[in-house]
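*Asks:* I have a structure I would like to understand better, so I am pasting it below and will then ask my questions one at a time.
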Amino acid sequence: KLKLWINKNKEFNTKLLYKLSRDGETINKFHELCDNIKDNLILIRATNKTIFGSYCTWVWNKSGRDFTVNDGFLFNLTKDKKYEINNQSIHQGCSDHGPYIHGKFYFENTMKKCYIASNQFLEKIGTNDVEEVEIFQILI
């Protein structure tokens, strides 16, 4: 499903950049391994077994900069749903934030907790305990 959503039946490879269970829960480790790398796929498995995440073409960093995007999407694989994020504000990150998509979800202070801000995306608004996070670079 994700391959279809990302690149409309074209083949691509992935490179695992970050894995919570392998690399630890610190935001600094996320930035060390993922900053300034384009075309990211974020897969999150909450402790309630919900699987969700995002695909984005922009890069994460510690700039604290916000910008508006016209590409990328969020998804909930448990619901088999894709959510476009066109004209949405994205926060590239800062030293205490991991991936941060305004109005939808973000990681703050640890990669073990994901705050969900929209019930369109997931039913449980608020902090979700995370079992695993994997962040891949998409190589097209």
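The values are calculated or read from the model by the stated rules, or taken from the named source; none is laboratory data. These figures come from a predicted structure and were not determined experimentally. A quick note on method: Cβ atoms are made from the backbone with ideal geometry, for glycine too, and the neighbour counts reach across all protein chains shown. These accessible areas exclude ligands, DNA and RNA; they are computed on the full protein's heavy atoms, side chains included. Shrake-Rupley method; radii C 1.70, N 1.55, O 1.52, S 1.80 Å.
*Asks:* Which net charge results when you count Lys and Arg as +1 and Asp and Glu as -1 among the other residues whose beta-carbon is under 14 Å from that of Lys113?
*Replies:* -3
*Asks:* Here's another thing I want to ask about it. How high is the relative contact order of the chain, in percent, with contacts defined as C-alpha pairs under 8 Å that are six or more residues apart?
*Replies:* 30
*Asks:* Apply the Karplus parameterisation 6.51 cos²θ - 1.76 cosθ + 1.60, with θ equal to phi minus 60°, to every residue of segment 16-27 and state each ³J(HN,Hα) to the nearest whole Hz, in sequence, with x for glycine and proline.
*Replies:* Whole-Hz 3J(HN,Hα) from phi for segment 16-27: 6, 9, 9, 9, 3, 5, 9, 9, x, 9, 6, 5.
*Asks:* How much of the accessible area of the chain, in percent, comes from carbon and sulfur atoms when a 1.4 Å probe is used?
*Replies:* It is 45 percent, rounded to a whole number.
*Asks:* With the other protein chains left in place, how much accessible area per residue, in square angstrom, belongs to the chain at a 1.4 angstrom probe?
*Replies:* Using a 1.4 Å probe on heavy atoms only, each residue of the chain averages 49 Å².
*Asks:* With charges only on Cβ, +1 for K and R and -1 for D and E, what is the dipole size of the chain about its Cα centre, in debye, rounded to 20?
*Replies:* 380
*Asks:* Taking the chain as a Gaussian network, where each spring joins two C-alpha atoms under 10 Å apart, which residue of Phe107, Phe73, Phe12 fluctuates the most?
*Replies:* Result: Phe12 has the largest fluctuation of those listed.
*Asks:* Please label the shape of the chain as rounded, prolate or oblate, based on the square roots a ≥ b ≥ c of the eigenvalues of the alpha-carbon gyration tensor (a/c under 1.5 means rounded; beyond that, a/b larger than b/c means prolate, else oblate).
*Replies:* rounded
*Asks:* For Ile85, list long-range residues whose amide hydrogen, built 1.01 Å from N in the peptide plane, is under 5 Å from its own amide hydrogen.
*Replies:* When sequence neighbours closer than 5 places are left aside, the close amide H contacts are Leu74.
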